[in-house]
Amino acid sequence: MWEICITIHGVRHCFRVPLLIEKFHIPGPGPVNFPELELAVSVLQLVEHVRANVKQPEFTTRLSEVALGFIQQVQKGMPQGVELKQMEAR
């Protein structure tokens, strides 16, 4: 857990930063959990949601590239018949 702390008039105020990545379980026949993919996909989704508010587009671009590269690496080692694909938001 992270906190942002500010001292105002000698009094320290701390605010917890909420988690933006929720651990989830992919249902289906086992084994079904791919934690590396869950994390990489969560990072990509986070980047897309904050891109408009980040004043450093080179940072979000690099972060996206790293997450996409990691997804591609993990996909190469996935069992036959397992596929990860991006769907359009509805």
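The values are calculated or read from the model by the stated rules, or taken from the named source; none is laboratory data. As the structure is a computational prediction, the values presented were derived from the model and not from experiment. Positions of Cβ are backbone-derived with ideal geometry, glycine not excepted, and every protein chain shown enters the neighbour counts.
For the stretch 1-22, name all the residues that are surrounded by 10 or more Cβ atoms within 10 Å (Cβ to Cβ) and either within 20 Å of Gln73 (Cα to Cα) or at pLDDT below 75 (or both).
Listed by number, the residues that qualify are Leu20, Ile21.
Do we find that Gly28 is more than 19 Å from the chain's Cα centre (by Cα), modelled with pLDDT under 75 and on the phi > 0 side of the Ramachandran plot in this structure? Full working, then the answer.
Details: more than 19 Å from the chain's Cα centre (by Cα): yes; modelled with pLDDT under 75: yes; on the phi > 0 side of the Ramachandran plot: yes.
Answer is yes for this residue.
Output the qualifying pairs, or none if there are none: Cβ atoms under 8 angstrom, residues six or more apart or on different chains, first residue in the stretch 57-71 and surrounded by 12 or more Cβ atoms within 10 Å (Cβ to Cβ) and modelled with pLDDT under 85, second residue outside any helix (DSSP H, G or I) and among the hydrophobic types (A, V, I, L, M, F, W, C).
So the pair list comes out as Thr60/Val54; Ile71/Leu84.
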